[in-house]
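Asker: Right, I'll just put the structure down here and ask away after.
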Amino acid sequence: MSSERKPSDSIPLEIHDLTVAYQSKPVLYGIDVAIPPGKLIGIIGPNGAGKSTLIKSIMGLIPIEAGWIRLFGEPGKRHLKRVAYVPQKESVDWDFPVNVLDVVMMGRYGRLGLFRRPKAHDREVAWACLEKVHMTPYADRQIANLSGGQQQRVFLARALAQECDLYLMDEPFAGVDATTEASIIELLHALRADGKTILVVHHDLPTARNYFDMLMLLNMRLIDFGPTETIFTYEKLQKTYGGRLTILSEVADAVRQNHEP
Amino acid sequence: MNHRGLLKPFNNLWPLVLFWIGTWQARADRIGEMVDISLKDQFIRFASLEDPALRFALAGGVILGILCGMMGTFLVVRKLSLVGDTISHAVLPGVAAGFLWNMEKDPLAILIGATLAGLMGMVLVSQLTRHTRLKEDTALGMILAGFFGVGICLMGMIQRLPTGNKSGMDKFLFGQAAALGWQEIQIMALVGLIALSMIYLFYKELLVSSFDVSFARSIRIPVDWIHHGFMLLLAFAIVISLEAVGVVLVSAMLIIPAATAFLLSDRMHWMLLWACMVGVMAGVGGIFFSFLGQKLPTGPFMVLSAAVLFALALFFAPRHGMLARWWLRRSRTLRIQRENALKAVFHIMEKEAFTKEGVTVIALARSKGQTLKTTEMTCRELERAGLATLSHEEKALYLTPDGMRRAQTIVRNHRLWERYLTDAVNYAPDHVHDDAEEIEHILGEDTVRMLERQLNFVDRDPHGKPIPTIQDIASSGQTQASKGQGMSGYRNPS
């Protein structure tokens, strides 16, 4: 038995026949996918394709209608502590009375357990994570006094402070400046080099091709999943975006760029 | 027409208002007499703390202030202020039921009854929201008014009952701290201690679940338990505050100190501390004024004290106060005015190919299209800021090295931005000036470096005028040494 568990333990995330519904209206149907470790993976699909829903259901934030999810080879929530979640920036109130370091420190809370306060070691980790996103000069700032990109980097630093093996990020590139985009990419590559697995919900097709090792095409169903080179084709993208005109032109653009170099 | 229509209902009230104004003098006299007799004595009695009832009242006020401040802080940051309001009104039928239980004012029975009623109100709100199309604010408004109405009916019935010891029951509406007894203080202290230790123990869970619920869930924090525990604690806090503040105004004691603290602090633990301090000050202040006025209801005075403190914070808070904001805006406006004046000086000097050391005030007035008087004021303002010096008769203005640097910086920002708009954003050259007029005061050095790089260190603006480079600006600081060595045809005035 144990010999069987070993190889599956190396699969950080396995989803089988997953169906998720909001008030009995299905958003995701029968998703089957096994994510290999150490890869940087983009989740691509049109608005309302269920991209955010997928990672929320992996985190156990919304109930599952059918199917199962295994984290590091085991069902249930046993290994949820090894998964870090970066919500969309808009999901919180940035006027909240905390400063940048406070937010990053929240990444340590999951490891502390009840009644425990952050120790010197936790502060060191938080500070190091802040350094990785180049935000140490802003450690004392109240979080409303940051640009959108800086706020996104604070969220990333919080996820880093969790010291996890699987990272699920909901649109980290949405509305960020060029500096932040470069710093996020640098960070994702560093994580991948450490053998971490990263799933990123992404909405910009042209950049998707350059950023990710593998792509997951999603539109309520799993359209396809595999290495970027084999997935980023006109036919598959068209199938995902369902022939809608405006997006089709975007797809055409992206594919054209794909063939240029 | 419209105004007339709006004012119509008030027409009938005019005689009443006139009567009220007419009798104002007499009334004021009466109040004056009443206060005159007792004000000094009452103050001495208050300060000496001789009255045991007053000691209980003050202890109650302090506990209430701390408790309401703490709970209110979380209420405000969790955006549950209306929920607090609803619970506080929904407890009233429970208070009445607690009395009817054994027909006397038994603090424990009232505590249990009121807590149950408050929680029942909350459950009803969540059921209504979940199972009907109604939204939360509608459900809250309905439950608040509905429960309160039932409570008022029951209280009215109790007042008419022939039996039972009803003394003090009428105090639950507006509060009377002087009615607090030893037993009540004990219960208040107990609940206060429980709340304090709960918040201390679960501080980080409360913090993270208030800030980011889905993240808190994702790190396995029992968000729902934390929420329910908090609501239970809130119900207790409201119920024990009832006798001192009254049902109607207890929500104000929850929200106003926390709102005040929100203006004064940027971190949670400071906000908690401030809220407690404001709460205690409001509580004690309310008791003081109620005592001076010989047992007037405490609740309104507490809320009034809290409101005064809030108003003070609103105006004078160091960072979020109106005064601070006004000052910031004003200093920004002044800076922009100074910078525009420097720019005008620079333009005149540039027109004369930097052959003259300074500019005449008249020329400056002409170029800015201002009166001589206004321009003189601007010049003096520049002198005060150390950016320029005026000649003896105030006829000519000379830029200091510092002023020259500022002027060059502004001109560079302006021209660089114009260049950026025409080259990178494809604006027509005649569209860019107004835009640059605003941007020039905002551009930071980092952005400027980026723009320069992106524009390949271009040296002319779209209208053919030279853009000062970083070397030009730096060399303006030195005086004689760099004379005539400007890179783009700029020389220092010497």
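Just so you know, all these numbers are worked out from the coordinates, no wet-lab data involved. Every value quoted in this text rests on a predicted model; they were computed, and no experiment measured them. Every residue, glycine as well, gets a Cβ built from its backbone with ideal geometry; the counts of neighbours run over all protein chains shown.
Asker: Please sort by residue number the trypsin sites (Lys or Arg not before Pro) in the range B:188-232 whose DSSP state is loop and whose Cβ has at most 16 other Cβ atoms within 10 Å.
Answerer: Listed in order of number, the matching sites are B:220.
Asker: What spacing in nm lies between the two simple spin-label points modelled at residue B:163 and residue A:186, each 7 Å away from Cα in the Cβ direction?
Answerer: Rounded to a tenth, the inter-label distance reads 8.2 nm.
Asker: If you don't mind, there's one more thing I want to ask. Please tell me which of these pairs span more than 19 angstrom C-alpha to C-alpha: A:81/B:204; A:81/A:196; B:79/B:171?
Answerer: Those over the limit are B:79/B:171.
Asker: Of the trypsin sites (Lys or Arg not before Pro) in the range A:36-120, which ones lie in a loop per DSSP and count no more than 14 other C-beta atoms within 10 Å?
Answerer: A:77, A:78, A:116, A:119
Asker: Along each of its three principal axes, how wide is the spread of alpha-carbon positions in chain B, in whole angstrom units, largest first?
Answerer: Principal extents (largest minus smallest coordinate, Cα): 103, 65, 57 Å.
Asker: Give the cross-link partners of residue B:368 among the lysines, using a straight C-alpha distance below 17 Å as the criterion and excluding same-chain residues fewer than 8 apart.
Answerer: B:343, B:351, B:395
Asker: May I ask for the angle, rounded to the nearest 10°, between helix A:100-112 and the longest principal axis of chain A, with both axes built from Cα atoms and the value confined to 0 to 90°?
Answerer: Approximately 80 degrees, to the nearest ten.
Asker: Using Cβ contacts closer than 10 Å as the measure, can you line up B:442, A:55, B:287 from fewest to most?
Answerer: Neighbour counts put them in this order, fewest first: B:442, A:55, B:287.
Asker: Looking at the square roots a ≥ b ≥ c of the eigenvalues of the Cα gyration tensor of the range A:94-142, which shape do they give, rounded for a/c under 1.5, prolate if a/b is larger than b/c, or oblate?
Answerer: Oblate shape, in that a/c is at least 1.5 and b/c is the bigger or equal ratio.
Asker: Let me ask something additional. Averaged across A:103-110, how many Cβ atoms of other chains sit within 10 Å of each residue's Cβ atom?
Answerer: Counting other chains' Cβ atoms within 10 Å and averaging over A:103-110 gives 5.
Asker: Just report the Cα centroid separation between the range B:329-397 and the range B:49-83, whole Å.
Answerer: Centre-to-centre distance over Cα atoms comes out at 58 Å.
Asker: Would you work out the charge dipole size for the range B:75-133 about its Cα centre, treating the Cβ of every Lys and Arg as +1 and the Cβ of every Asp and Glu as -1, and quote it to the nearest 20 debye?
Answerer: 400 debye
Asker: Still on this structure, I have one more. Based on Cα positions only, what radius of gyration and what Dmax would you give for the protein assembly as shown, in angstroms?
Answerer: 34.2, 104
Asker: Compute the angle between helix A:245-259 and the longest alpha-carbon principal axis of chain A, please, reported from 0 to 90 degrees and rounded to the nearest 10.
Answerer: 80 degrees
Asker: Based on DSSP loop calls and a cut-off of at most 14 other Cβ atoms within 10 Å, the longest stretch of chain B free of exposed GluC sites (Glu not before Pro) is what?
Answerer: B:51-351
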